[in-house]
Amino acid sequence: MESARIIATVARIVRDVGIAEEIAQDALVTALEQWPRTGVPERPGAWLTATAKHRAVDLVRRRETYARKLAEVGRELAEETYDPEPSGPGDIDDDLLRLIFTACHPVLSAEARTALTLRLVGGLRTDEIARAFLVPEPTVAQRIVRAKRTLAKAGVEFETPYGQERAARLGSVLEVIYLIFNEGYAATAGDDLLRPGLCEDALRLVRVLQGLVPKEGEVHGLAALLEIQASRTAARTGPDGEPVLLADQNRRRWNRLLIRRGFAALEKAGTGPYALQAAIAACHARAVRYEDTDWRTIAALYERLAAAAPSPVVELNRAVAVSMAYGPGPALDMVDRLAAAEPGLEDYHLLPSVRGDLLARLGRGEEARAAFERAASLTRNERERALLRAKAAEAGDGGAPDGL
């Protein structure tokens with residue numbers, strides 16, 4: 001939980017992302033050794049950060065550049081708290097955001113930038129990152145290792161990019177924030193459907209970006225999307241943490257403040273992929289009841305999104321919208337064509353889940369049951385697995401699920 005903040009703090013001191021990660025891990029090892037004897041401190045995150053900072057100071061003092069480094073940071077590092085460097089209007093004051101910009105250095109490929117940043121900042125495991133990109137886990141692991149080596153070899157420091165250099169990294173930074181939020185919104189694995197801390201981090205980072213680059217339409221588009229999506233959080237799970245489908249959510253529990261913030265950001269957004277996704281989210285937010293949802297507009301927006309940023313996941317979501325606007329038959333054809341054309345979706349649990357819903361609505365109960373069971377076997381999230389198994393049982397009994 002504290003890993004990203006510790007790495008960001010230490011990276012500012014040692015000016016090396018790879019070394020910062022190692023120091024953060026050392027601090028955790030120290031905690032595992034000491035806390036069983038001394039007890040967990042009242043503020044474990046602060047303890048870990050202080051321990052990591054002390055190790056960073058020791059490392060700086062051992063370097064040949066001791067005198068210069070000590071003059072820059074020695075006095076501050078000796079204190080229990082760490083005051084940020086003075087900054088100008090264009091500076092990035094947020095350590096996590098600065099870490100993202102550093103890891104998104106152009107010396108790395110786009111795939112390597114995103115994988116490394118999700119690992120360092122989002123704290124995502126390789127399997128979680130692999131799911132986001134629909135690629136094998138070993139591929140992601142290799143990208144992360146190579147990215148660290150490349151940054152070290154190139155001597156990339158913990159820095160604040162400006163001008164065109166910042167603009168060149170912005171797309172990768174937005175993608176990372178988007179994927180961090182997605183993992184928080186629907187956790188890949190574990191006992192909980194949500195990881196609220198990741199959603200909160202992503203929201204905070206995109207809000208910082210709005211102030212940093214106020215003329216970038218896609219930054220406002222992403223902000224609008226995340227604000228509106230986050231507005232539903234309280235209604236997405238039941239009292240015991242079980243998932244609540246969109247059709248069954250109590251819309252009075254949707255956060256109206258976040259929705260208003262999302263609508264305000266959407267007015268400043270352009271016509272890029274994040275803005276289009278935000279427009280889709282806004283359609284749901286405007287519907288007072290589930291039955292009022294403008295599915296035809298949503299299907300049209302997904303068609304535009306598929307043209308602007310084609311991906312298998314977008315096509316799958318478009319099929320869902322088409323099913324609600326025009327019926328499950330045409331949508332099932334779309335899903336079957338997508339499955340044949342995209343082998344990478346073979347182990348993506350949402351494809352058989354969507355297919356199961358469509359089959360159930362068409363009255364093909366046994367096929368729907370098999371699809372839901374397939375989806376349940378693929379997901380690593382216990383809450384999703386329980387929901388899919390319940391759908392399988394319902395389809396096997398001849399009923400249709402409550403909704404997509």
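The table for this structure:
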item: Cα gyration tensor category, rounded, prolate or oblate, for segment 96-209 with a/c compared to 1.5; result: oblate
item: Net charge over other residues, Cβ less than 10 angstrom from the Cβ of L258 (K, R count +1; D, E count -1); result: +3
item: Length gained when the stretch A341-Q164 is fully extended (0.36 nm per residue, less Cα-Cα span); result: 59.9 nm
item: Gain in span if fully extended, L134 to D248, counting 0.36 nm per residue against the direct Cα distance; result: 38.1 nm
item: Mean shadow area of segment 293-404, taken as a quarter of the surface of its Cα convex hull (nm²); result: 6.7 nm²
item: DSSP-loop GluC sites (Glu not before Pro) across segment 295-404, with at most 11 other Cβ within 10 angstrom; result: E346
item: Lys/Arg +1, Asp/Glu -1 at C-beta; the chain dipole; positive extreme among G238, P106, A371; result: P106
item: Spin-label model distance (nm) - T150 vs R286, 7 Å beyond Cα toward Cβ; result: 4.2 nm
item: Value of relative contact order over the chain, rounded to a whole percent, pairs C-alpha under 8 Å and six or more apart; result: 11 percent
item: Portion, in percent, of the accessible area of the chain that falls on carbon or sulfur, probe 1.4 Å; result: 50 percent
item: R256 versus W35: modelled label distance in nm, points set 7 Å from Cα along the beta carbon direction; result: 4.1 nm
item: Residue-normalised accessible area of the chain, given per residue in Å² at a 1.4 Å probe; result: 48 Å²
item: Expected-Rg normalisation [2.2 N^0.38 Å, Cα atoms] applied to the chain; result: 1.07
item: Computed FRET value (nearest 0.05) for A300 with D191, which takes r as the C-beta separation and R₀ as 45 Å; result: 0.75
item: Stretch gain in nm, segment S311-D127, where the contour uses 0.36 nm per residue and the Cα spacing is subtracted; result: 64.3 nm
item: Relative contact order computed over segment 316-398 (Cα-Cα under 8 Å; 6+ residues apart), in percent; result: 24 percent
item: Simple spin-label estimate for E42 and T237 in nanometres, 7 Å along Cα-Cβ; result: 2.9 nm
item: Contact order normalised by residue count of segment 265-364, Cα under 8 Å, 6+ apart, percent; result: 20 percent
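The values are calculated or read from the model by the stated rules, or taken from the named source; none is laboratory data. Note that the coordinates shown come from a computational prediction; the quantities given were computed from them, not determined experimentally. Virtual Cβ from ideal backbone geometry, glycine too; neighbours counted across all protein chains shown. Ligands, DNA and RNA are stripped out before the accessible areas are found, and what is left, the full protein with its side chains, is counted by its heavy atoms. Shrake-Rupley method; radii C 1.70, N 1.55, O 1.52, S 1.80 Å.
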